[in-house]
Each structure stands twice: as structure tokens, then as C-alpha cells.
Amino acid sequence: MTTFRYLTAGESHGPGLTVIVEGIPAGLELTEEYIEKQMSRRQKGYGSGGRMKIEKDRADLRSGVRHGITLGSPIAMWIENLDFVNWTEAMSAAPVGEEVDKKVHTRVVPGHADFPGALKYVQHDLRNVLERSSARETAARVAVASVARRLLEEFGISIHSRAVATGDEDGREVGTEDVDWGKVEASEVRASDPDADARFKAAIDKAKDDRTTIGGVFEVVAFGAPVGLGSHVQWDRKLDGRLARAMMSINAVKGVEIGTGFANTRRPGREVQDVIVPDPSDPRRFRQTSNHAGGIEGGMSNGQPIITNVAIKPIATMTKPLPSVDINTGEVVEAAYNRSDICQVARACPVGEAMMALVLVEAMLEKFGGDSLGEMSRNYTGYIESHQEFGRG
Ligand SMILES: Cc1cc2nc3c(=O)[nH]c(=O)nc-3n(C[C@H](O)[C@H](O)[C@H](O)COP(=O)(O)O)c2cc1C
């Protein structure tokens with residue numbers, strides 16, 4: 001039986017999103033305010049479209065929490081789509097009359113789920129595909145991950161993200177360990193230095209003028225994960241594989257790198273491995289002198305920061321649409337345009353953090369389990385203390 005699981009449901013312009021999370025131990029402090037704060041981070045971003053001006057995401061806790069403390073029972077949440085007031089008839093679950101504007105959509109957007117989804121689910125209204133494939137669903141994932149994150153905090157694990165490229169502008173001047181994460185939060189493009197902030201914004205402005213869109217690369221990093229999350233013994237237990245899958249599942253993500261994975265291919269082996277030495281502050285402990293592996297060796301966390309870099313493609317919806325086809329008539333038409341973002345790199349960062357949190361909480365629960373936070377903490381402390389036995393000579 002899986003220890004930790006969750007499901008999301010909901011259409012982009014439907015009444016809202018529903019989530020159920022199971023496997024969070026009893027005794028964890030959790031409030032709607034905490035979840036709301038995390039969700040608001042997904043809504044900010046230079047180059048965002050109009051939808052985020054309408055929505056003000058918050059999740060109502062409907063079960064699994066009493067007086068601000070988890071009960072160990074399934075946690076259900078409800079996130080209202082404020083835009084639904086404009087779509088009540090078009091997205092009605094009940095049948096509607098012929099006179100109703102159903103906002104039918106038949107002009108395929110290249111790069112979206114429209115084409116394969118229409119053929120697979122035999123849909124002549126592409127809206128029946130795009131409503132669920134829309135990145136609105138990532139609001140639900142951020143809500144689930146807020147719960148995961150709250151639990152990870154109890155074990156000293158924190159997760160951050162920043163944009164390291166926007167369009168063809170790079171912004172990695174500051175090394176991961178030296179980033180001032182407060183500054184990143186204050187930047188509308190989630191840049192870690194003012195120069196990159198200005199260049200990223202200029203790239204987005206130019207894309208807007210050119211009536212196109214741009215993608216980029218974002219970095220997600222977890223500090224404080226203990227040695228030994230994931231396992232080398234079976235392919236589907238490897239932490240790097242699980243992380244790559246989770247990141248790749250984010251809408252529009254097309255590449256995932258762990259550590260300096262791609263650059264390593266051009267370096268000799270002696271420069272790529274992270275050498276292990278006794279920690280000068282405590283010779284019974286060990287530490288690596290570099291972190292090219294991005295905190296994962298042999299499918300297990302090695303105690304270093306876990307670092308992923310994630311490539312996200314430019315958004316498919318453009319104010320100057322691409323040539324396309326009408327799915328029902330076969331006629332050559334322009335692709336549909338719906339209100340859309342110019343660049344979603346900054347908004348994708350908190351979603352990347354969410355996926356990191358979900359993978360790590362699952363691995364933490366596998367390793368340390370427990371029905372209550374106290375039980376899990378005892379398991380964790382016992383394991384950490386067992387490491388004192390190593391390196392004693
Ligand atoms: C935070 C975020 C916001 C997005 N906003 C839009 C958008 O406004 N317009 C759009 O066409 N695609 C947007 N996307 C991307 C689409 O959801 C995605 O490209 C589409 O579902 C097709 O899936 P694929 O690109 O993963 O193959 C967004 C993605 C993310 C992560």
C-alpha cells in the first residue's frame with residue numbers, strides 16, 4: 001500500500017479544483033493561511049496573462065484537519081475558480097439548451113493537448129480536452145504540496161527556486177548556495193541578481209512586441225534532506241528518476257537535469273565526481289567537496305542540496321497565432337487565441353517546488369513512516385543517530 005498519495009480534479013473554467021491527500025501523519029500544524037501563502041506565489045510573474053488578475057487562489061480545508069492540526073485522515077481541499085461566474089452555462093455539468101453559447105473551440109493550437117486529446121477521447125469540441133490539460137491544474141498540485149512542505153519543514157527541509165534563463169538570456173551569475181532567496185521572491189521574474197532581472201524583463205517585453213512567447217530554465221533546490229532518501233535496489237525507487245518524472249509532468253516542461261548533468265558530459269571524470277572527505281568540524285562526519293551530482297548518487301540522496309534544472313518551452317498560445325486546422329472541417333485556419341501568458345517561467349517555479357516537495361515527502365514517509373508526527377520524528381532521530389557509528393575508525 002502506498003504510504004502517501006493524492007489526486008487532483010477540476011476543469012480550468014469549471015467551478016473549482018478538488019484534491020484529496022492521504023498519508024500525512026496526525027499531529028502536524030496546518031492552516032489555510034499557510035496554504036494560501038504558498039498558492040499566491042504561483043500567481044505572480046512578469047508576463048502573466050489576465051487570468052491571474054481574476055483568480056485569488058485559496059484552498060478551503062474540508063477534512064483531515066481539526067483546530068489547525070492534522071488528524072491522520074484524508075485531507076480534502078476545495079479551490080474555487082473565481083472565473084467560473086463567467087462560464088456557468090458554458091461549463092455547466094447539467095445539460096444546457098441549444099441557445100446557450102457553449103464556447104466551442106475547434107481550431108487546434110499546435111503544442112497543446114488539443115490534437116491528440118480530441119482523437120483519443122473522440123471530442124469534436126477541443127474545450128473538452130483543454131479544460132483539463134490547462135496549467136490551472138497546477139494550482140491544485142501547489143495546494144497538495146503545501147501540506148507536504150509543512151511536514152518537510154518539521155525535518156529541516158526547505159525548498160527554493162529561481163529562474164536561471166528566460167528566452168536566450170542566462171542568469172546564473174550567483175551560485176546556488178549563495179542565492180539570497182528573499183531577493184528572488186521580490187523579483188517579478190524570479191531572478192537572483194538585478195542584472196538578470198532587467199534582462200529577463202526586457203526579453204519578455206520584446207516577445208510581447210513580437211507577438212510571440214518565450215520559455216526558459218528554472219532551478220529547484222532542496223536543502224536539508226537527509227542521506228538515504230530513495231534507493232538503488234529497484235529502478236522505480238531511485239530518487240533521481242522519481243524527481244525527473246515529477247518535474248517532467250509539469251505542463252510545458254520538456255527537459256530535466258539533476259545537478260550539472262549536461263555540463264558533466266563535457267568534463268573529464270576526475271572533475272565530475274564529488275570527492276568525499278572527513279568534515280573538518282567533526283572528523284566522524286563526512287562531506288563532499290563539490291556537488292556536481294546535485295545531491296543524488298545511486299538513486300539516493302547523499303546529504304547535499306538536491307538540485308534540478310528544468311527546461312520549459314514557450315507557451316503555445318500566441319496573439320499572432322500559428323497556421324493550423326479546424327478539427328471538424330479539416331479547413332486550414334489560424335490557431336485559436338485565448339487570454340494567455342507571454343512567459344510562464346516565474347510562475348512555473350513554485351510548481352517545480354511543489355513537485356520537489358511531493359517527491360521528497362513521499363520518500364521521507366517511506367523511510368521514516370509513522371501515523372503520528374511524533375512517531376515519524378522518533379524514527380528520523382534514531383536513523384540520524386545511527387550515522388554516528390560511521391567513521392569512528
Ligand atoms: C504555470 C504555467 C502557466 C501556463 N500558462 C499557459 C498559458 O497561459 N497559455 C498556454 O497556451 N499554455 C500555458 N502553459 C502551458 C500549457 O499548459 C502546456 O503547454 C499544454 O498543456 C501542453 O502540454 P505540454 O506543453 O506539456 O506538451 C502554462 C504552463 C505552466 C506551467
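Every number in this text was worked out from the coordinates using simple rules, so none of it is lab data. Since the structure is predicted, the reported quantities are computational estimates derived from the model, not experimental observations. Cβ sites come from the backbone with ideal geometry, for glycine too, and all protein chains shown count toward neighbours.
For 46, 34, what ranking results if the residue with the fewest other Cβ atoms within 10 Å of its Cβ goes first? Write down the numbers at each step before the final one.
Working: 46 21, 34 16.
Neighbour counts put them in this order, fewest first: 34, 46.
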(message) Taking every alpha carbon pair in region 257-393, what does the distance histogram look like in 5 angstrom bins from 0, in percent?
(response) 2, 7, 10, 12, 13, 12, 11, 8, 7, 6, 4, 4, 2, 1, 0, 0
(message) Modelling each spin label as a point 7 Å along the Cα-to-Cβ direction, I'd like the residue 209/residue 120 distance in nm, to one decimal.
(response) 4.0 nm
(message) With the crude spin-label approximation of a point 7 Å out along Cα→Cβ, what separation in nm comes out for residue 338 versus residue 388?
(response) 5.8 nm
(message) Quick check on the chain: what are the equivalent-ellipsoid semi-axes from the Cα gyration tensor, as sqrt(5λ), descending, whole Å?
(response) 39, 27, 18
(request) Pull up the cross-link candidates among the aspartates and glutamates for residue 238, meaning alpha carbon to alpha carbon under 17 Å and not fewer than 8 places away within one chain. (result) 257, 297, 362, 366
(request) Obtain the nm distance between the two label points defined at residue 71 and residue 266 by a simple spin-label model: each point lies 7 Å from its Cα along the Cα-to-C-beta direction. (result) 5.7 nm
(request) Report, largest value first, the span of the C-alpha coordinates of region 240-325 along each principal axis, in whole Å. (result) 66, 25, 21
(request) Once you've got the Cα coordinates, tell me which of 201/320; 254/367; 102/208 are over 27 Å apart. (result) 254/367; 102/208
(request) Measure of size requested: the Rg and Dmax of region 1-128, with Cα atoms as the atom set and Å as the unit; please supply both. (result) 18.1, 53
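Helix hunt in the chain: which complete DSSP H runs extend at least 18 Å axially by C-alpha with mean Kyte-Doolittle at least -1.0? Show your work: numbers first, answer last.
Working: long enough: 137-154 (27 Å, 0.21); 194-209 (23 Å, -0.97); 345-368 (34 Å, 1.14); 373-386 (20 Å, -0.75).
Going by DSSP H runs, the hits are 137-154, 194-209, 345-368, 373-386.
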(message) Which of 308, 166, 260 ends up with the largest GNM mean-square fluctuation for the chain, with Cα atoms connected below 10 Å?
(response) 260
(message) Could you identify which residue out of 107, 270, 199 has the top mean-square fluctuation in a GNM of the chain using Cα springs shorter than 10 Å?
(response) 270
(request) Using a Gaussian network model of the chain whose springs link C-alpha atoms within less than 10 Å, name the residue from 345, 333, 253 with the highest mean-square fluctuation. (result) 333
